[in-house]
Amino acid sequence: MRALVAFVLVLAALPACSHAPADPVEALLAELEAAAEARDAERFSERLAPRFQGGQRIGRPEALARLKRYFAAYESVAIEVYGVESDRDGTSARVRCVVEFSGQARKAFGLEGLLPPSAVYRFDLDVADEGGTWRVRGATWKQAETQ
């Protein structure tokens with residue numbers, strides 16, 4: 001579950017432009033960033049493909065449920081994204097990056113003791129144009145070392 005929130009935060013950390021990016025991959029990432037910063041799980045999930053598959057066979061409905069729980073559980077989050085690589089091939093792209101996540105869990109219900117204050121993951125995202133809208137089709141991740 002920590003990795004899914006890190007995935008959301010990866011996208012939230014990518015730089016936003018004051019104008020709409022011309023590249024559809026950048027536009028997808030900007031929309032995911034805006035949704036994550038607004039802690040809007042429904043809006044974020046609109047950019048997950050209907051057949052989205054995350055690590056450990058997490059489908060779109062489970063990803064949405066986890067996003068809702070994480071957005072509700074953290075008071076604040078901070079991330080650092082580095083090593084971003086994007087390989088685009090027409091209507092699809094693979095995006096790789098490392099994300100360092102830190103967050104302040106809500107103090108209610110003892111969450112601050114249960115949720116991780118920090119984590120580092122290496123992500124591999126599969127994104128594509130699906131009917132005129134770019135979406136995340138898949139995401140895999142593994143824990144990484146802090147640089």
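The values are calculated or read from the model by the stated rules, or taken from the named source; none is laboratory data. Please read all numbers here as calculations on a predicted model, not as lab measurements. Glycine gets a Cβ as well: all are built from the backbone with ideal geometry, and neighbour counts include every protein chain shown. What goes into the accessible areas is simple: the full protein's heavy atoms, side chains included, and nothing from ligands, DNA or RNA. Shrake-Rupley method; radii C 1.70, N 1.55, O 1.52, S 1.80 Å.
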Original post:
With 100, 62, 112 as the choices, which residue is more than 22 Å from residue 22 (Cβ to Cβ), open to solvent by 50 Å² or more (accessible area, probe 1.4 Å) and at pLDDT below 80?
Top reply: 112
Subject >> Residue under evaluation residue 27, criteria (1) more than 13 Å from the chain's Cα centre (by Cα); (2) not in a helix (DSSP H, G or I), criterion not met >> reply: (2)
